[in-house]
Amino acid sequence: MRPFLTCLLVFLFCGALVWSVPAQTPSDQDDDVIRVDTDLTNLFFTATDKQKSFVTTLREEDLRLIEDGVPQKILTFQRETDRPLSIAFLIDVSASEERTLPQEKAAAENVFELMLELNRAHGTSLVMVTHEPSLAARAHRIMRLQDGVLTAAN
C-alpha cells in the first residue's frame, strides 16, 4: 500500500505544478523569433524551352504567378540574362567511396564534356580547379597556383 500512496502523492504534486504554471503567450516568449508580414517577395527563376535551351526573351506579360490557386500581381519584372552561372562539382575520393568511385568519376567526366561542349558552342567561360592533369590538359589555358603565386603554364 505504501508504494501506491507514494506514487499517488508524486502524481498529485506534479499535477499541481503543471496546473499552477501559466501558459506562455507569444509576448512572453524569447525575442529570438521575428515575424514579418510582407507584400513583396523576390522570385528568381530560370526558364528553358523543351530543348532545354535558355529562354532569354521573356516579358512580364508572358508570366503568371499563382499562389495557392490565387493569381498574384507582379510588381516589378527584371530580365537578367547576363548573370554568371557558377557550378561546383566536388567528388569524394576518400577510401570510403572506393566502391563507387569509378561511377562517380564517369559521371564527372560526362558533366565535364558537357561543359566543354557549351564552352565551344556558346563561348561560355569555364574555370576549373583540379589536381587531375588529364583534365587540366584539355583546357585552352592553364594557370598554376604554387606557393601562393598564380602563374600561366601555357
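Just so it is clear, none of the values below were taken in a lab; they were calculated from the coordinates. What you are looking at is a predicted structure, and each value in this text was computed from that prediction instead of being measured. Methodologically, a virtual Cβ is constructed for each residue, glycine included, from the backbone with ideal geometry; neighbour enumeration extends over all protein chains shown.
Considering Cα pairs under 8 angstrom that are at least six residues apart, work out the relative contact order of the stretch 113-154 and quote it in whole percent. About 21 percent, as a whole number.
Since only 112, 136, 123 are under comparison, the one whose Cα sits farthest along the positive direction of the charge dipole of the stretch 93-152, derived from C-beta charges on Lys, Arg, Asp and Glu, is 123. If R0 is 22 Å, the Cβ-Cβ spacing of residue 45 and residue 118 corresponds to a FRET efficiency of close to 0.60.
Extending 7 Å from Cα along the Cβ direction at residue 111 and again at residue 152 yields two label points whose distance is 3.0 nm. Taking other C-beta atoms within 10 Å as the exposure proxy, 92, 37 rank 37, 92 from fewest upward. Remark: the residue 80-residue 38 segment gains 12.7 nm on full extension, using 0.36 nm per residue and subtracting the alpha carbon distance. The amide H of residue 72, built 1.01 Å from its N in the peptide plane, has 65, 66, 67 as neighbours under 5 Å, considering only residues 5 or more places off or on other chains. Extending 7 Å from the Cα toward the beta-carbon at both residue 93 and residue 57 defines two label points whose distance is 4.5 nm.
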